[in-house]
1. Give the residue, chosen from Leu590, Leu620, Leu576, that is touching a Gly at 6+ places or on another chain (Cβ under 9 Å) and outside the structural domain of Gly532 (by TED's automatic domain parsing).
2. Please identify the pairs in which a residue from the stretch 605-617 that is assigned to a strand (DSSP E or B) has its Cβ atom under 6 Å from the Cβ atom of a residue that is β-branched (Val, Ile, Thr), counting only partners at least 6 apart or on another chain.
3. Among the residues of the stretch 489-533 satisfying the criterion of being of a type in the set (Asp, Glu) and out of contact with any helix residue (DSSP H, G or I) (no Cβ under 7 Å at 6 or more places or on another chain), which is surrounded by the most Cβ atoms within 10 Å (Cβ to Cβ)?
4. Could you check, for the stretch 299-315, whether at least one of its residues is buried (at least 18 other Cβ atoms within 10 Å of the Cβ) and within 22 Å of Val572 (Cβ to Cβ)?
5. Can you tell me which residue is farthest from Phe625 (Cα to Cα) among those in the stretch 489-525 that are touching a strand residue (DSSP E or B) at 6+ places or on another chain (Cβ under 6 Å) and not hydrophobic (A, V, I, L, M, F, W, C)?
6. Would you mind stating whether Leu189 is crowded, with 20+ Cβ neighbours inside 10 Å, without any contact (Cβ under 8 Å) to a residue 40 or more places away in the chain and either within 23 Å of the chain's Cα centre (by Cα) or not in a helix (DSSP H, G or I) (or both)?
7. Name the residue that is nearest to His216 (Cα to Cα), counting only residues in the stretch 175-184 that are surrounded by fewer than 18 Cβ atoms within 10 Å (Cβ to Cβ) and touching a helix residue (DSSP H, G or I) at 6+ places or on another chain (Cβ under 8 Å).
Amino acid sequence: MLTGTELMDANMNSPHTRRQRTGNPLRFSRLLAVLTLGALLAGCASGPAEQGRIRLPADDIVTLPPDSGEETAFTARLQEAEQLLAQRQLLPAASILRDLDTSKLTANEQVRTLAMETELLYLQGDTAAALAGLRQAVPLLGPLDPALRDPLDRWQLRLVLTEEGSLAAARLADRLLLTSEDPEREAALIEFVWHNLQRTPVEQLDMALQQPIPRHWQAWLELAVLTADVMESPEVQLAQLSLWRERHAEHRAAVRLPGGLQALDAEVPPGRIALLLPLSGGARESAQALLQGYLAAQFEARRRGWPEQELMIMDSAAQPDFNSAYQVAVRAGAELVIGPLTPEALLDWQPGADDPVPLLTLAWHPYAEGFAQPLLDTESSEPLAITPPVQLGLDAVDEARQLALLGYNSGARTALLIRPAGDWGDRMGDALAQAWRNREGELRAIATYSGQSDYSSSLKAALNLSESEGRATRMRRLLGEPTEFTPRRRQDIDIVFLLSDNPQDARSIKPLIAFHYAGDLPVYSTSAVFSGRRDPQRDRDLNGIRLLEIPWRLEPEGNMQGALAGDDDDAVLADLHALGADAFMLNWRLAQLRDSAGARIRGNTGLLNMDEVGRVHRELVPAQFRGGIPQTR
């Protein structure tokens, strides 16, 4: 069934990243020849895939219509084509499909065939052609059995999301929802609509509301807008939700509000909060930055009528370990404990049986399994009736995975990865490479640099320029006279991932990419390439870079950002300010995150959602450097 998958908004597409690859026999000719078939789906199959299943690049699984069980003259050939496509042998698969007599296929075979035809286009990076072909096919399909129509709808949603963005995908899902009679499908569509409305900028939602639109869609937009301001006071937002439900009592989302909003009715903001930070010692600068962000959010909340809350600020470094600091906070009457700041400190946390006080951490547990297992009483080893912590943090690996999806959605399929040596480069590079390969992207070369001295040499080697220069030298020797020569870089790359961990490296490497004859390739980076300070003169060399960024740094004129004016010049401190503001905001929304896997909250560090072990993941905002400034439009 459809799920609220972690798909990045594809608004960053540009013509040159979706350029036509002329001369390829898989392009439009065959697709247009079979538009009278029926249709649906595709995505990236993983390795030798389970028969009849295709993996979408968002890690979602969509089931193709099952084989009807009837043996026909085409059964064996279709199965062979599906297997070849799953193994990424595109030309042999295309050859089989091209030779089929499509007029003799059954309805089931028509859907499977067009599914493969569309997947061939999609895998080459031409989502636009796949979507255009699908849209032309839909009116010719006629009535279809739900088993055939459902995968067609799923695939169209995926293509629209990739090619036209989150708002268009949500609109299509709303239309499908109006005709859905299957409760399971209806729930999945509601989650899909809500997720994509949450990732749509509020300005776009407002503009859509200005247009003549159907009432059902208008209700969706109104709900997304009124819940977008997460700093609105609990009392006001609950009143707004109540009015929305009264106005739209017949709406599909009114029975149970989407995204965990239902849980806000039962949420009572804690009256006393303990903030445990290492305010002395080596981490005090980071702790102070997070505290400043928290206090800025608290000040804004009071200005807007939030209930009064008592804040206890405690120096966790003054205690033997974090568990001791937690116990002190509990004995002092804390109703919510926020901390620690470092993941290692979480290893010390062992709450006792009489400590039902919830914990909001400011880092992920250092081990992947984290709090997946029930918390045990240290004396009896019996499971404790304590809700596992919510783990808020700034894990950069999330960015690397999202960057791979952003690049894939742009139409790119073959990549050069540029990364620094060391632990950060290893971790980020491995995460991006794995995510890229999971989407069937190919990593053709890796340039690893250890410092300014080898920026150029590592890039030259990765682009095969040294080989090109060597061939020219041999040619000169053979001819015995000087010759004019322009090095030729490798031509099997259509995207560059630049994983610099600081702006200084990025400012030097970006011009070198052009200098080494790769200036036509799109460059994608994480938020680490932006210093946090708007400095068009210094950052002009970053122009053209597509990056992911946290909302806090893209909105320097916000009330909370303004309260910290002058302190956000350092990117790391700006991120910690945003994390502190989110820690405050979530003290009213922990139940919302826990209530639903589809819960999405517009935080200052990104669009927040929580996994099954309590880790809060961030969906960042796509942006691009223009005029030396990262911009979303």
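1. Among Leu590, Leu620, Leu576, only Leu576 is touching a Gly at 6+ places or on another chain (Cβ under 9 Å) and outside the structural domain of Gly532 (by TED's automatic domain parsing).
2. Leu608/Ile601; Leu608/Val616; Met610/Val616
3. Residues of the stretch 489-533 of a type in the set (Asp, Glu): 492, 494, 501, 505, 520.
If we keep only those that are out of contact with any helix residue (DSSP H, G or I) (no Cβ under 7 Å at 6 or more places or on another chain) too, we end up with 492, 494, 505, 520.
Working: Asp492: 11, Asp494: 24, Asp505: 20, Asp520: 11.
Result: Asp494.
4. Scanning the stretch 299-315, I find no residue that is buried (at least 18 other Cβ atoms within 10 Å of the Cβ) and within 22 Å of Val572 (Cβ to Cβ), so the answer is no.
5. Ranking the candidates gives Asp492 first.
6. Values: crowded, with 20+ Cβ neighbours inside 10 Å: yes; without any contact (Cβ under 8 Å) to a residue 40 or more places away in the chain: no; either within 23 Å of the chain's Cα centre (by Cα) or not in a helix (DSSP H, G or I) (or both): yes.
Criteria not met by Leu189.
7. Leu178
Rundown of residues vs (1) more than 22 Å from Asp520 (Cα to Cα); (2) modelled with pLDDT of 95 or more; (3) of a type in the set (A, V, I, L, M), yes/no style:
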{"site": "Gly441", "(1), (2), (3)": "no, no, no"}
{"site": "Thr448", "(1), (2), (3)": "no, yes, no"}
{"site": "Glu481", "(1), (2), (3)": "yes, no, no"}
{"site": "Phe485", "(1), (2), (3)": "no, no, no"}
{"site": "Arg488", "(1), (2), (3)": "no, no, no"}
{"site": "Val496", "(1), (2), (3)": "no, yes, yes"}
{"site": "Asp501", "(1), (2), (3)": "yes, no, no"}
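The values are calculated or read from the model by the stated rules, or taken from the named source; none is laboratory data. If you're wondering where the values come from, they're calculated on a predicted model, not measured in any experiment. Positions of Cβ are backbone-derived with ideal geometry, glycine not excepted, and every protein chain shown enters the neighbour counts.
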